[in-house]
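*Asks:* Pasting in a structure now, in structure tokens, and then I'll have a few things to ask.
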Amino acid sequence: MTEGISPATLVIVPTFNERENLPIVVRGLMAHPNVSMMIVDDSSPDGTGELADATAREHPGRIEVMHRTARPGLGRSYIDGIKKGLEQRFDVICQMDADLSHDPRHLPALVRAIGQADLVIGSRYIAGGDIVNWPLRRRLLSRFANYYIRTVTRLNARDCTSGYRCWRRDALARLALDDFISDGYSFLVEMLYVASRQGCRIAEVPITFVERHQGESKLSRAVLAESAITPWRLIATKDSVARRPR
Ligand SMILES: Nc1nc2c(ncn2[C@@H]2O[C@H](COP(=O)(O)OP(=O)(O)OP(=O)(O)O)[C@@H](O)[C@H]2O)c(=O)[nH]1
Ligand SMILES: [Mg+2]
């Protein structure tokens, strides 16, 4: 069953080696009328970029593919995708992973909630949220990361690290992404922090997060180290001119 999504909505999906997963994500998203997709591929060696091009040809006018070659990285991919998305007519711009952890079926609920919020987080850590197939170690790591981030930054959101998000276009346009200090997963925390500092209304709706079956996780030690430092860097720079609303 697909519920309709009424505002013009763009979903930005960063990809790196997601050949097996991408077609399933595309199918799920294209089932929602009024939803377009931007795939931001970082020259995946497994051919995800070429597959994305072929998929875009099957859905003319609804799927755009950005092939990145310079300065790879998840944060830069989001920045490039968001900038391109903001040039277009969309009222709502969402972020979603390509590894099937984020179910396209949750999208209508996220978009509906944007009626009363500037940013809606697809949340694992509110009532009704869940995680499927994560080993205890991953659960503990994510729980601890959220506790740590919330404590250091005083953010109120329960799930500060979820990459399934839905933004009101104006809130996203105000973020001054070029001034961001982090990349990788910390980039998501920084987006949330800056949005919160700018007075965004932040809401959460429950999602069931499913661990990837295909492809590899890109969570590395370097990523974890950056995540430990980011909350402190954010609070240290929070009054800088760069992050005042523009
Ligand atoms: N364009 C681009 N996409 C990336 C990069 N790293 C990861 N991604 C994509 O970003 C999304 C999230 O990355 P994942 O690798 O799923 O994250 P993970 O390591 O599995 O982490 P968990 O989902 O928390 O287990 C996926 O769609 C990836 O394909 C990158 O450097 N560039
Ligand atoms: Mg993942």
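The values are calculated or read from the model by the stated rules, or taken from the named source; none is laboratory data. Only a predicted model underlies this, so the values are computations on that prediction, with no experimental measurement involved. Ideal geometry is used to build each Cβ from the backbone, glycine not excepted, and the neighbour counts take in all protein chains shown. The protein model used for the area step is the full one, side chains on, heavy atoms only, and it has no ligands, DNA or RNA in it. Shrake-Rupley method; radii C 1.70, N 1.55, O 1.52, S 1.80 Å.
*Asks:* All but one of (1) surrounded by 18 or more Cβ atoms within 10 Å (Cβ to Cβ); (2) under 24 Å from Pro14 (Cα atoms) hold for Leu155; which doesn't?
*Replies:* (2)
*Asks:* Counting just the residues of region 66-97 that are among the aliphatic types (A, V, I, L, M) and more than 14 Å from Phe180 (Cβ to Cβ), which one comes out nearest to ligand 2 (Cβ to nearest atom)?
*Replies:* Met96
*Asks:* Let me ask another. Out of everything in region 28-48 that is in a strand (DSSP E or B) and among the β-branched types (Val, Ile, Thr), what residue ends up being nearest to Gly61 (Cα to Cα)?
*Replies:* Selected residue: Val35.
*Asks:* So which residues in region 68-80 are on the phi < 0 side of the Ramachandran plot and surrounded by 14 or more Cβ atoms within 10 Å (Cβ to Cβ), if there are any at all?
*Replies:* Arg68, Leu74, Gly75, Arg76, Ser77, Tyr78, Ile79, Asp80
*Asks:* Moving on. Anything in region 84-100 that is out of contact with any Phe, Trp or Tyr (no Cβ under 9 Å at 6 or more places or on another chain) and under 19 Å from Ser43 (Cβ atoms)? List them, or say none.
*Replies:* Selection gives Lys84, Asp99.
*Asks:* Considering region 166-220 alone, what residues qualify as being under 14 Å from the mean Cα position of the chain (by Cα) and within 11 Å of ligand 1 (Cβ to nearest atom)?
*Replies:* Asp183, Gly184, Tyr185, Phe187, Leu188, Phe209
*Asks:* Please count how many residues of region 167-211 are open to solvent by 20 Å² or more (accessible area, probe 1.4 Å), in a helix (DSSP H, G or I) and farther than 17 Å from Ile126 by Cβ.
*Replies:* The number of residues fulfilling the criteria is 6.
*Asks:* Turning to a different aspect of this structure: Of the residues Val65, Val40, which single one is farther than 25 Å from Ala171 by Cβ and either among the acidic types (Asp, Glu) or surrounded by 13 or more Cβ atoms within 10 Å (Cβ to Cβ) (or both)?
*Replies:* Val65
*Asks:* Identify all residues within region 4-19 that are open to solvent by 20 Å² or more (accessible area, probe 1.4 Å) and either within 15 Å of Leu51 (Cβ to Cβ) or within 16 Å of ligand 2 (Cβ to nearest atom) (or both); write none if there are none.
*Replies:* Answer for region 4-19, where residues must be open to solvent by 20 Å² or more (accessible area, probe 1.4 Å) and either within 15 Å of Leu51 (Cβ to Cβ) or within 16 Å of ligand 2 (Cβ to nearest atom) (or both): Phe16, Asn17, Arg19.
*Asks:* Residue by residue through region 38-69, note down the ones that are acidic (Asp, Glu) and more than 19 Å from the chain's Cα centre (by Cα).
*Replies:* Passing the criteria: Asp46, Glu50, Asp53, Glu58.
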